[in-house]
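The values are calculated or read from the model by the stated rules, or taken from the named source; none is laboratory data. Predicted model, so just to flag it, every value in this text is computed and none were measured. Cβ placement follows ideal geometry from the backbone for every residue including glycine, while neighbour counts extend to all protein chains displayed. All accessible areas refer to the heavy atoms of the entire protein, side chains included, with ligands and DNA or RNA removed. Shrake-Rupley method; radii C 1.70, N 1.55, O 1.52, S 1.80 Å.
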Amino acid sequence: MHQDLAELDLPDQDAVRLASLGGVRDRIGVWRALLDRPLTSYYLVLGITVLLLGLGLVMVQSTASVADLAAGLSPYSDFKKQLLGAAVGVPLMWAAARSSPRLFRAFAYPLLAVSVVGLSLTLIHGVGVTQNGASRWIELGGQQVQPSEIAKLALAVWGADLLARKEKLGQMADWRHMLVPLMPGAGVLCLLVMSGDDLGSTMILLVIFLALLWVIGAPGRVFSGVLILMTLAMVLMIVSAKYRFQRLVGYLEPQGSATGANMQSIQGKYAVGSGGWFGVGLGASRGKWGWVPESTTDFIFAIIGEELGLVGTLCVTFLYGGLAFAGLRIARRVPDMFCRLAAAAITAWIVVQAAINIGAVIGVLPITGVPLPLVSAGLSSLLVTLIGLGMLMSFARMEPGAREALAARGPGWPLRVLSWLGLSKRETPHEGTARRRRLRRPHRASAGPGRRLAPD
């Protein structure tokens, strides 16, 4: 390349400029080659999940320790719960990543039934657990479970299975088959969730519903009509509750005292802004000492901004952007319609929920009360999100060339560890090669009386 530039007889500056452009093209080519590899989506989802989960554990310990001490508990009380959720959720994610989509489809209707029953139980006095005027939880085995989180995964799996079956039967030419019974089912879930006064989870369920319609190819007039109907329903739900209407007014007219009605929004922005470029340091936040309400859940991003600064918040935002890229790449590349629909719905659910949470903290969206996926404290959200990401990894293993790449990679690290310990019954590639060579080796004839074996 440098010889070609010399032959052009260009000025030195032009030659250097062309050489630098050539270097940029080479780097872009290398990055594109990395992104075109079959298992790129798989490792992107895995790596981003590990990073966000690690960040979540650190930030829960940093923020929840203050609330635990104020309640007279151990400063590690909430951290132990979150660590327990990670210890249970990671194996569930690993199992989901290695499961067949047939298993997910088999659980579609049971999962939907469990979510409906769980949401109904939250409405029964004495069974549902009420906090801050909202009945969103039930208590099982000493732990609070939030059925609305299960409903998100249930709608994504059930809706994808339903539309995939209809598409296989050739019923998608009629737009009514796209909406029935998907729209009534989503409506029942949304009504049950809103009965527990959870507007944020209702919005996420509607996002999942819209993602399914978009991927299946709903006509523009149908999609627009559904979107207008959903917008009107959301406006009606906002104005029907006084506190939600006040939140909307506070968002449109951000005025008032930092300790008044808009305290959460104002203090959250104070916390983010006080972090500067690199933050005040882990554990050194002042906002978590009672100034930022819900600092361990809905507003944990404000504490990230204060302790890790602009760099930390940009890194978190970049990770969710990478997850969006990986999830949409999986949805575009997988050949199976169910996997395509479920991948798009799960990606929309997690990424849009993160965008709503971050937007509410920095003041570009009204406060809706949704957690930051994998980062906020909460066992139900953590477990269900990890299972959803495990499903994404399972779909990524079905991309073109992914099976061949996995086979060429050989057994995974658990099997290799068992093989080193002599506990694995599965042979390694070297053992398989040796076995095939032994089978190809010709058998020697038995040496009878007066006969001798011919030399090899």
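Just a few scattered comments:
- Residue ranges of helices (runs of 4 or more DSSP H) in the range 158-263 with at least 2 members open to solvent by less than 40 Å² (accessible area, probe 1.4 Å) and within 29 Å of ILE362 (Cα to Cα): 182-195, 199-216, 220-240, 242-252
- Test result for VAL311, open to solvent by 30 Å² or more (accessible area, probe 1.4 Å), part of a helix (DSSP H, G or I) and at pLDDT 95 or above: yes
- In the set (1) within 17 Å of VAL58 (Cα to Cα); (2) without any contact (Cβ under 8 Å) to a residue 24 or more places away in the chain, GLY359 fails one condition alone, (1).
Yes or no, residue by residue, for (1) small (Gly, Ala, Ser); (2) within 23 Å of LEU374 (Cα to Cα):
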residue: ARG105; (1), (2): no, no
residue: ILE138; (1), (2): no, yes
residue: GLU149; (1), (2): no, yes
residue: ALA154; (1), (2): yes, yes
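- Residue that is most open to solvent (accessible area, probe 1.4 Å) [pool: residues in the range 389-409 that are part of a loop (DSSP other than H, G, I, E, B) and among the charged types (D, E, K, R)]: ARG397
- Residues located in the range 354-371, provided they are over 10 Å from the mean Cα position of the chain (by Cα) and either open to solvent by less than 10 Å² (accessible area, probe 1.4 Å) or of a type in the set (A, V, I, L, M, F, W, C) (or both): ALA355, ILE356, ASN357, ILE358, GLY359, ALA360, VAL361, ILE362, VAL364, LEU365, ILE367, VAL370
- Out of GLY287, GLY279, one residue alone is closer than 27 Å to ALA377 by Cα and touching a Leu at 6+ places or on another chain (Cβ under 7 Å). It is GLY279.
- Any chance LEU57 is open to solvent by less than 60 Å² (accessible area, probe 1.4 Å), out of contact with any Cys (no Cβ under 9 Å at 6 or more places or on another chain), touching a residue at least 12 places away in the same chain (Cβ under 8 Å) and not small (Gly, Ala, Ser): yes
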